[in-house]
Amino acid sequence: MGRFTDWLLNEKNDSDVNNFDKSVMRRRKRIPSKESAYNADEEFNLKMAIYSPKTFEDVQRIIDHLKRKEPVVVELKSADKEILQRIMDFLSGAVYALSGSIANVNKNIYLLTPSGVTITVPINYGK
């Protein structure tokens with residue numbers, strides 16, 4: 001039989017129990033190597049950008065955020081509808097190419113998310 005089964009069936013003295021506890025504690029205190037170390041702060045360090053683009057350079061910055069897997073809130077408040085349409089066309093193409101999503105949050109406010117980020121909108125939102 002195994003050590004644990006032997007221990008259960010044959011009442012061992014307290015020194016065996018203490019040795020078992022110490023070996024378990026030694027295993028728990030092992031520190032992983034730097035290559036395999038897991039840092040939860042790095043995994044969940046989410047950054048979000050907010051833009052009101054006025055130039056196509058601003059639009060390129062928005063896309064750079066999406067390429068770095070960062071969601072972006074975009075407020076479109078230009079008077080020229082033709083420029084707004086061109087900006088949205090460009091952003092839509094980039095979001096599609098990066099397998100992201102776009103959600104209309106409010107009038108002229110959009111949430112652009114990279115792949116891997118899900119946008120959930122309640123059924124009664126905006127009603």
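The values are calculated or read from the model by the stated rules, or taken from the named source; none is laboratory data. None of the values given here were measured: they were computed from a predicted structure. Counting neighbours? That spans all protein chains shown, and the Cβs are built from the backbone with ideal geometry, glycine included. Protein only, heavy atoms only, side chains kept; ligands, DNA and RNA dropped before computing areas. Shrake-Rupley method; radii C 1.70, N 1.55, O 1.52, S 1.80 Å.
Brief remarks on what is shown
- Restricting the range 76-103 to residues that are part of a loop (DSSP other than H, G, I, E, B) and open to solvent by less than 30 Å² (accessible area, probe 1.4 Å), the residue that is nearest to residue 117 (Cα to Cα): 100
- Index of the failed condition, residue 120 passing every other in (1) surrounded by 11 or more Cβ atoms within 10 Å (Cβ to Cβ); (2) within 19 Å of the chain's Cα centre (by Cα): (1)
- Restricting the range 54-75 to residues that are at pLDDT 90 or above and outside any helix (DSSP H, G or I), the residue that is surrounded by the most Cβ atoms within 10 Å (Cβ to Cβ): 72
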